[in-house]
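Here's the structure we're looking at; comments come further down.
The values are calculated or read from the model by the stated rules, or taken from the named source; none is laboratory data. Please read all numbers here as calculations on a predicted model, not as lab measurements. Cβ sites come from the backbone with ideal geometry, for glycine too, and all protein chains shown count toward neighbours. Areas reflect the complete protein model, heavy atoms only, side chains present, ligands, DNA and RNA absent. Shrake-Rupley method; radii C 1.70, N 1.55, O 1.52, S 1.80 Å.
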Amino acid sequence: MTEQTIDEQQPAAIPTLDVTPVSDAIGAEIRGVDLTDINDATFAALHAAWLKYGVLLLRKQSLSDADLVAFSRRFGDLDDAPPNENGKGGVNGFSEVLVLSNVKENGKAIGALGNAEAIWHSDMNYIAEPPTGSVLYSLEVPDSGGDTGFCNMYRALEELPADIRKRIANLKIKHDSSTNSGGFLREGAKPVTDVRECPGAVHPIVRTHPETGRKALYIGRRRYAYIMGLDLDESEALLDEIWSHATRNDFTWHHQWRVGDVLIWDNRCAMHRRDDFDDSARRIMHRTQIKGSAPF
Ligand code: SIN
């Protein structure tokens, strides 16, 4: 048997990344990493930073759809992109890549969401196993508008007044699946007349992050939410109170995009939103989504 050196026996040491927090609330910028050229050790360091900061920003990236998918797959299996308002899912042969855009070609939108505001939400909160996170890459951005905001849901829970925290400890929200974050009725969905009757998954309001073990608020999106078992008025009042607290400015950070930016967010402990923008400007983003598991 040939003798192994220490180096051969040990996995590569996790490198130290250049990490700069982007706000007091959430998020960090990673400098000096090219996402088309990372090894397992660099990915492990990125992953650890992602768990710590909730959102990572990497600038000056140049990714093909194949690169975006290959990098995203390091986090886990990917969801297929849902069909956009024109019924089209995926792009350039990559079923996992969702295009978010206001650009129209031959009179048809090439992507989802248009130029509309997207209100605060967690992605696909209305399904049984919401995604773990997303990777969003910018190809074209307007000079102003279309900023993406993030909210730290660990902090939102930690700083919730004690009486509300006690009240919600064992409560669950029904997360309506009728409308999307732009307010559009999803295909086949009926207009909502009573939130108690809405279709959608039921999840605990306080969830435990499966990787960090930390507890976070999980409130999905405000529109048509319902706290199971409460009178309608009581549910509405409690939701309003939780939402106005959770989206406080000091829990949030807003990113102004440049071409080549990549944002990677953890959907289990961060909510996000997007500002609207002038429809005469072009915004094209490609996004992947990492498959998730049931919140507990
Ligand atoms: C979203 O995923 O809700 C929209 C993000 C964005 O377009 O910046």
> Which residues, taken from segment 89-102, are farther than 19 Å from G183 by Cα, touching a residue at least 12 places away in the same chain (Cβ under 8 Å) and surrounded by 14 or more Cβ atoms within 10 Å (Cβ to Cβ)?
Replying inline: V91, F94, E96, V97
> Which members of segment 269-295 meet the condition of being open to solvent by 30 Å² or more (accessible area, probe 1.4 Å) and either closer than 18 Å to E129 by Cα or without any contact (Cβ under 8 Å) to a residue 40 or more places away in the chain (or both)?
Replying inline: S280, K291, S293, A294
> So how many residues does segment 134-153 have that are more than 8 Å from the ligand (Cβ to nearest atom) and open to solvent by less than 10 Å² (accessible area, probe 1.4 Å)?
Replying inline: 6
>> Return the residues of segment 208-223 that are among the hydroxyl-bearing types (S, T, Y) and crowded, with 19+ Cβ neighbours inside 10 Å; say none if nothing qualifies.
In response: Y218
> So which residues in segment 103-126 are open to solvent by less than 20 Å² (accessible area, probe 1.4 Å) and touching a Ser or Thr at 6+ places or on another chain (Cβ under 8 Å)?
Replying inline: G111, A112, A118, H121, D123
> Within segment 236-253, is even one residue within 20 Å of I30 (Cα to Cα) and surrounded by 14 or more Cβ atoms within 10 Å (Cβ to Cβ)?
Replying inline: yes
>> Quick check on segment 163-170. Is at least one of its residues within 25 Å of W253 (Cα to Cα) and among the acidic types (D, E)?
In response: no
> Of all residues in segment 105-130 being closer than 20 Å to K88 by Cβ and within 14 Å of the chain's Cα centre (by Cα), which is farthest from the ligand (Cβ to nearest atom)?
Replying inline: M124
> Restricting attention to segment 154-195, which residues are away from the ligand (no atom under 16 Å from the Cβ) and in a strand (DSSP E or B)?
Replying inline: K172, I173, K174, L185
> If we scan segment 221-229, do we find a residue that is within 13 Å of the ligand (Cβ to nearest atom) and either assigned to a helix (DSSP H, G or I) or not assigned by TED's automatic domain parsing to the domain that holds A45 (or both)?
Replying inline: yes
